[in-house]
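Q: My structure is below; once you've seen it, I'll send some questions.
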Amino acid sequence: MVSKTLQTRALCVLAVLFLAPGGVHPRAGATQIDLWFAPDLAAYRVLVDAYRESRTREAIDGVLALETEAIHEMVDAVRALEDARVTGTDRDPYPHEQVFRAAAMLHVDTASALWSIGRETAAAAQMDLATRWVDLGARSPEPDGSFRRRWYLGVGLLVFDRGGWRAALSFVDRACEALPDDVPLLTTAAWLHEQVALAPVSPGDAGLAGLREAQDVKRDDLRAAARHASAALAVTADATEAALRLARARTLLEEVDTARELLLGLVGRTDLPTPHAYLARLMLGQLYARAAEPARAERLFREAGDLIPEGQAARVALGQLLDTMGDRRGAAGVLGFNAGAERESGFIDPWVDYLLGAGTGPSLRQGLRDEVRR
């Protein structure tokens, strides 16, 4: 339970940090004298201000000098106060919410610094603080494209970059529970579950029984990928990346008929982004190639190659198919073109993006930093 003393301190902080002189409406950038601050809370606000002024290293060093439990108590006290309610709008928040957002980003960057020197446990503790601060800005309903939605996605990708597949899965799955209608988060969760399922297994000392158990875990991850992708499609039928990931999960689960139906629907559309149209043809062509329907597979691989001429995955798939059909000359021609192709469309091969992600995390997080520093 939060002490009365700490609640009083937090109330002073809210009154001083968030209200402008002369009325109930806060004024951006409003400041008050330190007389109103309890000493421990004043020190924390100084760090948040330093972060908002782009003195990031100074702010991170200051956060690392504080006890994480003391910061948790600050969050507890703020959450207990009616005065902490969200006001303004997501795009034009009142100053107190900007402080919450800045604190969240400060702890994210502190976690990143700790990950870079191998202090994973300490980084996780900073991420817990960051999540609690950003959740103080939760709205019902949560606006599309809100700061909090973008924060969860950008930070989830950071956890992947720093902590790997499983750490990212844990974070993004929790984010999907907090925002169950968020299509980018659901699609990212589907990607993470799929890639974890495809990771190599080391037999170790477990023997055959251990391998069987690992296969069961992989199938569970594929089912989770399908679940998340289906949830994204339930929000909007335009979630074409989610449809591709659902088809891929169904294929890996050997539910080929369902996968083929999904992909045929995508191939038949004329409004898909070029990378998604490419991937739909590549995946469907692979299904037909495995089903010993080479003519259909060849047509789809050629269509994919026409969409993105330097797309290596489609060219390699076509070359392999022609080779299995006995057309060695045709295969050599296709693969020779692939080796010498110059980039024209500006796309990385969409298959690379599909497997590894598009690398949007850094730009997402920089945009969030810029917002809290306005």
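The values are calculated or read from the model by the stated rules, or taken from the named source; none is laboratory data. As the structure is a prediction and not an experimental result, all values here were calculated from the model. Because the Cβ atoms are built from the backbone with ideal geometry, glycine has one as well, and the counts that use them run over all protein chains shown.
Q: Just name the residue that is surrounded by the fewest Cβ atoms within 10 Å (Cβ to Cβ) out of those in region 148-172 that are over 19 Å from Gln126 (Cβ atoms) and modelled with pLDDT of 95 or more.
A: So, considering only residues that are over 19 Å from Gln126 (Cβ atoms) and modelled with pLDDT of 95 or more, the one surrounded by the fewest Cβ atoms within 10 Å (Cβ to Cβ) is Arg150.
Q: Then there's this: Could you figure out which of (1) part of a helix (DSSP H, G or I); (2) within 22 Å of the chain's Cα centre (by Cα) isn't true of Thr251?
A: (2)
Q: Restricting region 116-129 to residues that are surrounded by fewer than 21 Cβ atoms within 10 Å (Cβ to Cβ) and under 18 Å from the mean Cα position of the chain (by Cα), which is nearest to Asp161 (Cα to Cα)? Don't jump to the end; show me each part of the working.
A: So in region 116-129, the residues surrounded by fewer than 21 Cβ atoms within 10 Å (Cβ to Cβ) come out as 116-122, 124-125, 128.
Going one step further and asking which of them are under 18 Å from the mean Cα position of the chain (by Cα), we end up with 124, 128.
Working: Ala124: 14, Asp128: 17 Å.
Selected residue: Ala124.
Q: Between a residue in region 347-370 that is in contact (Cβ under 8 Å) with a residue 12 or more places away in the chain and any residue that is crowded, with 17+ Cβ neighbours inside 10 Å and not in a helix (DSSP H, G or I), which pairs come within a Cβ distance under 6 Å, given they are 6 or more apart or on different chains?
A: Here the result reads Phe347/Ile308; Asp349/Gly311, each pair linking region 347-370 to a residue that is crowded, with 17+ Cβ neighbours inside 10 Å and not in a helix (DSSP H, G or I).
Q: Enumerate the helices (runs of 4 or more DSSP H) found wholly within region 259-365, keeping only those where 2 or more residues are at pLDDT 90 or above and under 28 Å from the mean Cα position of the chain (by Cα). If you could, list the steps in order and put the result at the bottom.
A: On the way: elements: 274-290, 294-307, 312-324, 328-340, 350-356.
Helices (runs of 4 or more DSSP H) meeting the threshold: 274-290, 294-307, 312-324, 350-356.
Q: Checking Ser54 against (1) part of a loop (DSSP other than H, G, I, E, B); (2) modelled with pLDDT under 95; (3) over 18 Å from Arg139 (Cα atoms); (4) not aromatic (Phe, Trp, Tyr), which single condition isn't satisfied?
A: Only one criterion is unmet by Ser54, namely (2).
Q: Then there is this: Considering (1) surrounded by 17 or more Cβ atoms within 10 Å (Cβ to Cβ); (2) modelled with pLDDT under 95; (3) more than 27 Å from the chain's Cα centre (by Cα), say which one Gly62 fails and leave the rest.
A: Status for Gly62: all satisfied but (2).
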